[in-house]
Amino acid sequence: MALTEGRHQSDAAPRDTHAQAGPTAVDHVWAVVRLALGWTFLWAFADKLFGFGFATPAAKAWVNGGSPTTGFLKGTKESALGGFFTGLAGQAWVD
């Protein structure tokens with residue numbers, strides 16, 4: 001109570017100094033970045049699923065019985081956890 005003595009009611013209430021002006025150019029840039037990042041991950045998933053030929057041939061696609069993680073995980077033999085990741089390659093629960 002002692003902190004508000006002598007103040008007018010309008011001074012005690014918080015003021016909203018930021019007007020709602022709508023989206024700025026930075027908001028649009030971040031929206032484009034978010035969409036591009038989402039598209040990158042969606043494309044990688046769709047390519048592994050259907051085998052469009054970009055990184056995964058159709059014969060190795062997930063819908064054709066291929067294992068999308070086998071090639072990547074088998075290439076980790078030389079790393080510190082290579083044995084662990086090589087053991088995960090080709091297992092259904094990892095795909």
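Computed 3J(HN,Hα) for the range 85-92, one whole-Hz value per residue from the Karplus formula 6.51 cos²θ - 1.76 cosθ + 1.60 where θ = phi - 60°, is 5, 5, x, 7, 4, x, 7, 4, glycine and proline marked x. More than 17 angstrom separation, counting every C-alpha pair in the range 27-84; what % is that? Cα-Cα pairs of the range 27-84 separated by over 17 Å account for 54 percent.
When the trypsin sites (Lys or Arg not before Pro) in the range 47-88 are filtered for DSSP coil states and for at most 16 other beta-carbon atoms within 10 Å of their beta-carbon, the remaining sites are LYS77. Of the chymotrypsin sites (Phe, Trp or Tyr not before Pro) found in the range 15-95, the ones in coil according to DSSP and having at most 15 other Cβ atoms within 10 Å of their Cβ are PHE52, PHE54, TRP93.
Laboratory data are not the source of any read-out in this text; all were calculated from the coordinates shown. Everything numeric here is computed off the predicted structure, so don't read it as measured data. Using ideal geometry, Cβ is built from the backbone for each residue, glycine included, and neighbour counts are taken over all protein chains shown.
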